[in-house]
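As structure tokens, the structure follows; a few thoughts come after it.
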Amino acid sequence: MKPDLVVFDLDGTLTETKTPLAPDMSDALADLLKEKKVAIIGGGSWKQFKKQFVSRLRCSRKLLPNLFLFPTTATSFYRYRGGWKKVYAKELPKKERRKIEKAFEEVLKEIHYVPPEKVYGKVIEDRKSQVTFSALGQDIVARLGEKGVRLKEAWTKKNGPLKLTITKLMQKRLPNLEVHAAGFTSIDVTEKGIDKAYGIRQIERHLHIPVKKMIFIGDAIFPGGNDYAVTKTGVKTVKVSGPKETKRIIKKIPS
Ligand SMILES: [Mg+2]
């Protein structure tokens, strides 16, 4: 199948989690952009996308109109028109966001949550369209680099069931919102129906490319993984183990 559009997950697929785009991946994407349209859906904020991806991408400006960025699980959309421009950004009402923060605090208290000895940056972050809990803090990878990634992996291995418990209790408290475990150490709370399937639909709607002309590449296309929702749309998927494999797959995409 020759796709018109290649959709990527960001963390764990194009980059290590919250880690800057590597030069060789940047080169692979620049080559791909000569042939294809490319969209990226990630849970991170636009600010995070800029830091982690946009500022590291080395490619001719002429190719950038082929690149479409969908931060915070496609509740926002940015495209290049002589500069990166916001097309839309949906926000949860402030009152809802406060309610979510309070629910996190209450749930953590209820389960007698013992926070890690050291956290880096905010543990509960208001990203406007979602509120995100990150057990080790938002900035751990920005501050510790590779070591931060390893700490996150270790936390997940040890605390997988705990994360699930928090997710379940949050969902019980917030029946009108959607709570999902994301990434290694995070739990996202969004409006109902915001997942990567929603992301695919937003892309279809805004880029006018049918799902059957897309291919989705992600590291968590398995039950419980945060890319799994895309399978609801029938999009063709390729599951990768990480950026290394993604790079190999990019080279094999028929032009
Ligand atoms: Mg991922």
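Things worth noting here:
- The residue that is farthest from the ligand (Cβ to nearest atom), counting only those in region 12-43 that are touching a residue at least 40 places away in the same chain (Cβ under 8 Å) and under 22 Å from Y88 (Cβ atoms), is K37.
- When region 170-212 is limited to residues that are on the phi > 0 side of the Ramachandran plot and small (G, A, S), the one that is surrounded by the most Cβ atoms within 10 Å (Cβ to Cβ) turns out to be G183.
- Residue match in region 81-97 (condition: within 16 Å of the ligand (Cβ to nearest atom) and surrounded by 15 or more Cβ atoms within 10 Å (Cβ to Cβ)): no
- Selection over region 166-190 of residues that are in contact with a Gly (Cβ under 9 Å, 6 or more places away or on another chain) and assigned to a helix (DSSP H, G or I) gives a count of 0.
- Subset of region 231-245 (residues that are in contact (Cβ under 8 Å) with a residue 60 or more places away in the chain and touching a helix residue (DSSP H, G or I) at 6+ places or on another chain (Cβ under 9 Å)): V235, K236, V240, P243
- Of the candidates L10, L57, L33, the single residue that is hydrophobic (A, V, I, L, M, F, W, C) and within 12 Å of the chain's Cα centre (by Cα) is L10.
- Subset of region 191-213 that is of a type in the set (V, I, T) and not in a helix (DSSP H, G or I) - its residue that is farthest from the chain's Cα centre (by Cα): I209
For every residue, the table says whether it meets (1) crowded, with 16+ Cβ neighbours inside 10 Å; (2) within 23 Å of the chain's Cα centre (by Cα); (3) of a type in the set (K, R).
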site: L69; (1), (2), (3): yes, yes, no
site: Y78; (1), (2), (3): yes, yes, no
site: A103; (1), (2), (3): yes, yes, no
site: L108; (1), (2), (3): yes, no, no
site: V114; (1), (2), (3): no, no, no
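Read the figures in this text as sums done on the coordinates, not as results from a lab. These numbers come from a predicted model, not from an experiment. With ideal geometry, Cβ positions are generated from the backbone for all residues, glycine too; neighbour counts draw on all protein chains shown.
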